[in-house]
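Data first, discussion second: the structure below is written as structure tokens.
The values are calculated or read from the model by the stated rules, or taken from the named source; none is laboratory data. Please read all numbers here as calculations on a predicted model, not as lab measurements. Counting neighbours? That spans all protein chains shown, and the Cβs are built from the backbone with ideal geometry, glycine included.
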Amino acid sequence: MMPIKICPGNLALLCLFALLIKAGFARAEPNPEDINAGKALYQSCQACHGESGQGNAQLQSPVLAGQYAWYIRRQLEHFRSGLRGAGNPPGQQMAAVSRQLAEKDIARLAAYIETLPGSTAANTAPNTDNKNGYRYYQGKCGACHGSTGQGNVLFNAPKLSGQQSGYLLAQMKHFSAGKRGADKKDKYGRQMAMMAKTVTRQQLGDIVNYLAGL
């Protein structure tokens, strides 16, 4: 095999391109003061989402622990702006709460939530006990959300592992019915709305049960 020759000029361009990509996906590390401030703010969230972010299925409050800060921040901003929350009582409640938060408070709250210990699925092999759920998940969701539901920063795809099956079912129904992801400004929500329409009810049930077991 003949060696590939790269001239110094092209090598420099490749290095610059790599640095730009890395910079584009870099996430600023929150400082301890922001995390502490977020912890104080989170006290108002505990009644529904739990002291450790474990969620509450009876209140349709999702698991927050271990979720990416950038995703929490984006969803709070969507609730606040009206891109999310219309058409369902829990969403309307979140929209009202989010409108009480300043931009810096949203960032601090998200930074703290990310520190809460959640599922460790990102460090384990995919669970194949639920064979149908595993197969459907890998075929329809895994490319963006990761093979074990750990999420993917590059695709702006949130963590799904360990999330309540009831919450996941409700959100997929919202996507499918146009209650979420219908606005053109919600880029990633629109992608999910399109995907939700390709999943049958049986497949969705198997997928969410698989994710809840991770």
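With the structure loaded, tell me whether residue 141 is of a type in the set (A, V, I, L, M, F, W, C), surrounded by fewer than 19 Cβ atoms within 10 Å (Cβ to Cβ) and under 19 Å from residue 167 (Cβ atoms) or whether it fails that test.
No.
Across the range 147-198, what is the total count of residues that are in contact with a helix residue (DSSP H, G or I) (Cβ under 6 Å, 6 or more places away or on another chain) and of a type in the set (Val, Ile, Thr)?
Here the count works out to 1.
For residues that are of a type in the set (A, V, I, L, M, F, W, C) and within 20 Å of residue 153 (Cβ to Cβ), scanning just the range 51-84, find the one that is surrounded by the fewest Cβ atoms within 10 Å (Cβ to Cβ).
Result: 70.
I'm told residue 193 meets every condition in (1) under 19 Å from residue 60 (Cβ atoms); (2) in contact with a Ser or Thr (Cβ under 8 Å, 6 or more places away or on another chain); (3) of a type in the set (A, V, I, L, M, F, W, C) except one. Can you identify the failing condition by its number?
Answer for residue 193: the failing condition is (1).
Sort through 180, 99, 108 and tell me the only one that's under 29 Å from residue 50 (Cα atoms) and in contact with an Asp or Glu (Cβ under 7 Å, 6 or more places away or on another chain).
Checking each option against the conditions leaves just 108.
Filter the range 107-148 for residues that are modelled with pLDDT of 95 or more and within 23 Å of residue 77 (Cα to Cα) and give the result.
107, 108, 109, 110, 111, 112, 113, 114, 115, 116, 144, 145
Taking the condition β-branched (Val, Ile, Thr) and either in contact (Cβ under 8 Å) with a residue 60 or more places away in the chain or over 25 Å from residue 34 (Cα atoms) (or both), does residue 208 pass?
Yes; evaluated as a whole, the condition is true for this residue.
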